[in-house]
Amino acid sequence: MFCIHAKGQTVLIFMGSKLKYARETDRLIQITNLSKIYHTPHQDILALDDVSLSVRRGEVFGIIGLSGAGKSTLIRCINMLEKPTRGSIMVDGQDLNALKQRELRQARQKIGMIFQQFNLLSSRNVFDNVMFPLEIAHIPPQQAQQRVAELLELVGITDKARVYPDQLSGGQKQRVGIARALANDPKILLSDEATSALDPDTTRSILKLLKDINSQLGLTILLITHDMNVIKQICDRVAVINESRIVEVGDVISIFSKPGTPTSQSFISSIINKDAPDEYISNLINRHSGSYSCLVRVSFIGASAGEPVISSMIKRHGIDANILYGNIDRVKDVPFGNLTLELIGDREAVRQSMEFLKDSGLEVEVMA
Amino acid sequence: MITAQITGWASSLMGISLGADMAWVWEKVLQATWETLYMVAIATGLSYVFGLPLGVILVTTEEGHILESKGLNRVLGTFINAVRSIPFIIFLILVIPFTRLVVGTSIGTVASMVPLTLAAIPFVARMVETSLKEIDWGLIEAALSMGASAWQVIIKVLLPEARASIVLGVAITTINLVGYSAMAGIVGGGGLGTLAYYYGYQRYEDLIMWVTVIVLIAFVQCVQMAGDKWAGKITNQRR
Ligand SMILES: Nc1ncnc2c1ncn2[C@@H]1O[C@H](COP(=O)(O)OP(=O)(O)OP(=O)(O)O)[C@@H](O)[C@H]1O
Ligand SMILES: [Mg+2]
């Protein structure tokens, strides 16, 4: 249906792993030492402070941060809706700072963007809204109409073509927004909190649509959010931004399992409860005051979640294990979770059990 | 046609006796109404030809907007304020030389259109400015993010999105111009103003005075209703 689609697939099929490697190292967006200062009458606001970041071709890259951290500023610098104060932005090898107005407009046609507030034109129906970017690009009407029909089909709102945005639900509006953003076959889709105005179910379906577009068309997606669930559901890599700086970048799974900064930790605990309620734990400790007991938190990622590690440990070391609290989640189909265990028995046996857990590839943390 | 009208006026001013009967009143009022309509319609149209672009320039040259130009914006804003602060009755006299230059005379309906249009242009510019400012900046930004030029933003986003609001502005402008045209009528501009002045004020013809008032009320109501209806239609079509 689309040229990116066709190209991406053929290439993937015939060139296999070599291309995959090339793709992973291919930086579609390269941000270097980007700073942005807003000058206001009262003060200068440093919204971005020396940010460097690269987004690979074909990946879904998330940027998460609290309100006011500078997320919108960052994403808006990528299509030059905000002019960087310092630093460079390369998109597909093109230095956006160096472009003339006209060239910048051309470059923007290849960078799609979707918004929290959808920003659909109320004076145009769904069909004509999707037509809009094609008019801007001066695509001949006949060709444009055909393209619009394809796009509406892709996002699943063909039946709403003649309806005006005011009659659509939030989810439907965002589908139109996505269709509109894809109209000119962009290399990148930028998403500024695209699901923040939607309920959880609708959010899920929109994220699924984005993920499908990513995998079917090979479209690179850069999204910003303050919701860790969004990152968990569709991102390959994530950057954590805090007070105008990128504090952490990495694979989603590794950040989920080993958040390196307090900001990431608090984002992750916002969706994954790591700890059993306090009073619950102290009650249990008191109960076993007679024998030696130790409270540990065991974290696991991936395969080890399926293995009977705990029961092997009990059998091998002759101790008791009391499961106080547990939580399993999935990050991009990889199981991920933690258990709070109370290990009861001989002091040495408990110590050896913990070694055993570590040797089995689990993360073990002594709590009490 | 214009000379015919002026001669018509002259003869009616001299030849008609007092104690007018209903048919005569109607004839006078009808003719004057037609003149007012004609004058106001053309002045409204012309004032939009100039005022609409000026309104667009006022908005788009603002700081941070698509055609940012602080100097132009300030000059234009100041000029518009200056013109708007002159009372119309004074403005009318002030532009007489210009009117003579353009039309050849300063008396009659056609001549009245000049001060009416000139006075309405800055008013229209401000009305259009207000309408365009109601548009959510997100829409403009979305268009820019797709690579739209300033011109495309104006033609495809600003004006279509503000259509309903602009239509309401047209109704308000028209109604204002009806009022202004009456003032112009007093200094020989023709239409209902002249009629009310000569017969109602100078000759104490109460009947003509009252009929004129009723016609004006009806006219203003109709314009407002038409404006509301048209604007409503634009908005409803989108729901
Ligand atoms: N146009 C502007 N003028 C002045 N200051 C601005 C402007 N836009 C953003 N800022 C400031 O820059 C900082 C970063 O703002 P930004 O919108 O990028 O945050 P954000 O991470 O997107 O927050 P949110 O989650 O609330 O959208 C904030 O302190 C904000 O007040
Ligand atoms: Mg934001």
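Please treat every number below as a calculation from the coordinates, not as lab data. Please read all numbers here as calculations on a predicted model, not as lab measurements. All Cβ positions, glycine included, derive from the backbone under ideal geometry; neighbour counts span all protein chains shown.
The table below lists the values:
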| quantity | calculated |
| --- | --- |
| Which of B:196, B:168, B:223, positive extreme of dipole for the stretch B:142-239 (C-beta unit charges) | B:168 |
| Distance from the stretch A:199-227 to the stretch A:314-368 (C-alpha centre basis), Å | 35 |
| Residue-wise HN-Hα coupling along the stretch A:347-353, computed from phi with Karplus coefficients 6.51, -1.76, 1.60 (Hz; x: Gly, Pro) | 4, 5, 4, 5, 4, 5, 4 |
| DSSP bridge orientation in chain A - percent antiparallel, rounded to nearest 5 | 70 |
| Neighbour-count ranking [beta-carbon atoms within 10 angstrom, fewest first] of B:88, B:123 | B:88, B:123 |
| Placed amide H near residue A:329: partners under 5 Å, 5+ positions off or other chain | A:336, A:337 |
| Those trypsin sites (Lys or Arg not before Pro) in the stretch A:69-146 that DSSP places in a loop and that have at most 14 other beta carbons within 10 Å | A:100 |
| Additional length obtainable on full extension of the chain from residue B:27 to residue B:63, 0.36 nm per residue less Cα span | 7.5 nm |
| Net lengthening on full extension, residue A:215/residue A:66 (0.36 nm per residue, minus Cα-Cα) | 50.8 nm |
| Where trypsin sites (Lys or Arg not before Pro) fall in DSSP loop in the stretch A:156-260, at most 10 other Cβ within 10 Å | A:162 |
| The stretch B:162-210-the stretch A:65-129 distance, computed between alpha-carbon centres (Å) | 51 |
| Charge dipole magnitude, Cβ of K and R +1, D and E -1 - chain A, Cα centre, debye nearest 20 | 1200 |
| Listed residue (A:61, A:221, A:146) projecting farthest to the positive dipole end of the protein assembly as shown, Cβ model | A:146 |
| Karplus 3J(HN,Hα) series, Hz, for the stretch A:243-254 with 6.51 cos²θ - 1.76 cosθ + 1.60 (x for Gly, Pro) | 6, 6, 10, 7, 9, 7, 9, x, 4, 4, 5, 6 |
| Rough spin-label spacing in nm, given labels placed 7 Å along Cα→Cβ, for residue A:92 and residue B:204 | 8.6 |
| Test item: Cα-centred dipole of the stretch B:2-237, Lys/Arg +1 and Asp/Glu -1 on Cβ, debye | 280 |
| Space enclosed by the convex hull of the alpha-carbon atoms of the stretch B:2-237, per residue, Å³ | 132 |
| Using a Förster distance of 41 Å, the FRET efficiency for residue A:158-residue A:44 (Cβ separation, nearest 0.05) | 0.25 |
| Residues B:69, B:131, sorted so that the one with the fewest Cβ neighbours within 10 Å comes first | B:69, B:131 |
| Relative contact order, percent, chain A [alpha-carbon distance under 8 Å, six or more residues apart] | 17 |
| Check: the stretch A:91-174 dipole with +1 on Lys, Arg Cβ and -1 on Asp, Glu Cβ, in debye | 200 |
| Cβ-Cβ FRET estimate between residue A:322 and residue A:52, R0 fixed at 56 Å, reported to 0.05 | 0.75 |
| Loop-located GluC sites (Glu not before Pro) in the stretch B:129-216 whose Cβ has at most 13 other Cβ within 10 Å (DSSP) | B:134 |
| Computed over the stretch A:50-207: relative contact order in percent, which uses C-alpha pairs under 8 Å that are six or more apart | 27 |
| Exposure proxy order (Cβ contacts within 10 Å, fewest to most) of A:246, B:155 | B:155, A:246 |
| Calculated from backbone phi, Karplus (6.51, -1.76, 1.60) coupling profile of the stretch A:132-144 in Hz, x at Gly/Pro | 3, x, 6, 5, 4, 7, 6, 7, x, x, 4, 5, 5 |
| Cα-based helix-to-principal-axis angle, A:262-271 vs chain A, degrees rounded to 10 | 90 |
| Radius 12 Å from Cβ of residue A:225, net charge of other residues (Lys, Arg +1; Asp, Glu -1) | -1 |
| Net lengthening on full extension, residue A:204/residue A:270 (0.36 nm per residue, minus Cα-Cα) | 22.0 nm |
| Ratio Rg/Rh [Cα only; Rh per Kirkwood] for the protein assembly as shown | 1.20 |
